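Reviewing the structure listed below.
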Amino acid sequence: MDGITIALSKGRIFDETLPLLAAAGIVPEESPEQSRKLIIGTNGAKTRLIIVRASDVPTYVQYGAADLGVAGKDVLIEHGGAGLYQPLDLGIAKCRMMVAVPDGFDYENAIRQGARLRIATKYLKTAREHFAAKGVHADLIKLYGSMELAPLVGLSDAIVDLVSSGATLKANRLTAVEHIMDISSRLVVNQAALKLKRDRLDPVLAAFRNAVGQNS
Ligand code: ATP
Ligand code: MG
């Protein structure tokens, strides 16, 4: 395909990327929420969108099945970033990576005592690096979603998860006890496409950069 393919996930990434696409003159022909199509055409015959799982965006771009995509920093850390150029923080889908425990659990004390903590998370790499840097013994348990449940039923002592309003934590009587990092979504570009499709990609990158107010 000599046009460009952009990988996005449904939901907040798609919704928050729409205005940036519009700034680049790209308007999708349909909404992925309405249509079940995984390949969505745009007003420009040579630009198409593909709809993939949020955590699969870097993989499609890495292998060149998409030329560019939008992925959360959380997802990019777990992926590792091989084959990806990450020129731009889009400042969308903002949230925070946190450690949370059941209300009343004395996390600081558990750490001071050198306790082994069981941590349930989807973000193994982030969690491993975080606890290693603190010198905390953490046994990590991989989950794929609904991390908040794990400490409530004795699967883990704590979770590492994304938090925005904190409403889900609150509803499940959990408290955030540590802020690991701020998260937002970035533009990712296939490194080969950046060279081979420079003519097509440069204007899109420039429009995105302009729309998010970064000039570098
Ligand atoms: P899936 O729903 O397919 O299991 P996901 O939960 O990672 O995957 P989304 O919920 O669409 O997919 O999240 C996409 C990205 O948005 C995440 O990778 C993260 O960077 C960011 N994100 C996740 N939760 C929130 C939130 N509550 N508020 C703001 N941004 C968030
Ligand atoms: Mg989600």
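The values are calculated or read from the model by the stated rules, or taken from the named source; none is laboratory data. Everything numeric here is computed off the predicted structure, so don't read it as measured data. Quick reminder, even Gly has a Cβ in these numbers, built from the backbone with ideal geometry, and neighbours come from all protein chains shown.
The set of residues in region 37-91 being more than 16 Å from ligand 1 (Cβ to nearest atom), of a type in the set (Ser, Thr, Tyr) and either part of a strand (DSSP E or B) or crowded, with 20+ Cβ neighbours inside 10 Å (or both) consists of 42, 47, 85. The residue that is nearest to residue 84 (Cα to Cα), counting only those in region 1-56 that are modelled with pLDDT under 95 and of a type in the set (A, V, I, L, M), is 1. With respect to the stated conditions, residue 139 fails to be outside the structural domain of residue 178 (by TED's automatic domain parsing) and of a type in the set (D, E, K, R).
The requirement of being over 15 Å from residue 176 (Cβ atoms), surrounded by fewer than 18 Cβ atoms within 10 Å (Cβ to Cβ) and over 24 Å from the mean Cα position of the chain (by Cα) is not satisfied by residue 104.
Looking at residue 93, is it touching a Pro at 6+ places or on another chain (Cβ under 6 Å), within 16 Å of ligand 2 (Cβ to nearest atom) and among the small types (Gly, Ala, Ser)? Answer is no for this residue.
Quick check on my filter: what residues within region 51-101 are within 15 Å of the chain's Cα centre (by Cα) and on the phi > 0 side of the Ramachandran plot? Across region 51-101, the qualifying residues are 80, 81, 91, 93.
Scan region 151-171 for residues that are within 16 Å of ligand 2 (Cβ to nearest atom) and either at pLDDT below 95 or under 23 Å from the mean Cα position of the chain (by Cα) (or both) and the total you get is 11. Going by the conditions given, is residue 20 more than 16 Å from ligand 2 (Cβ to nearest atom), touching a residue at least 60 places away in the same chain (Cβ under 8 Å), in a helix (DSSP H, G or I) and among the aliphatic types (A, V, I, L, M)? Considered against the rule, which asks whether it is more than 16 Å from ligand 2 (Cβ to nearest atom), touching a residue at least 60 places away in the same chain (Cβ under 8 Å), in a helix (DSSP H, G or I) and among the aliphatic types (A, V, I, L, M), residue 20 comes out as yes.
Filter region 24-36 down to the residues that are over 25 Å from residue 206 (Cβ atoms) and charged (D, E, K, R), then identify the one that is farthest from ligand 1 (Cβ to nearest atom). Among those residues, the one meeting the criterion is 30. Taking the criterion of being more than 16 Å from ligand 1 (Cβ to nearest atom) and touching a Pro at 6+ places or on another chain (Cβ under 7 Å), the residues of region 153-169 that qualify are 157, 158. Applying the set (1) touching a strand residue (DSSP E or B) at 6+ places or on another chain (Cβ under 9 Å); (2) surrounded by fewer than 16 Cβ atoms within 10 Å (Cβ to Cβ) to residue 167 leaves exactly one unmet item: (1). Residues that are among the β-branched types (Val, Ile, Thr), surrounded by 15 or more Cβ atoms within 10 Å (Cβ to Cβ), under 17 Å from residue 96 (Cβ atoms) and touching a Phe, Trp or Tyr at 6+ places or on another chain (Cβ under 7 Å) do occur in region 145-160, at least one of them. Selection of helices (runs of 4 or more DSSP H) fully inside region 104-203 by the criterion of at least 2 residues being touching a residue at least 12 places away in the same chain (Cβ under 8 Å) and over 23 Å from residue 62 (Cβ atoms) returns 107-112, 124-134, 167-171.
Within region 1-17, the set of residues being away from ligand 2 (no atom under 16 Å from the Cβ) and assigned to a loop (DSSP other than H, G, I, E, B) comprises 1, 2, 3.
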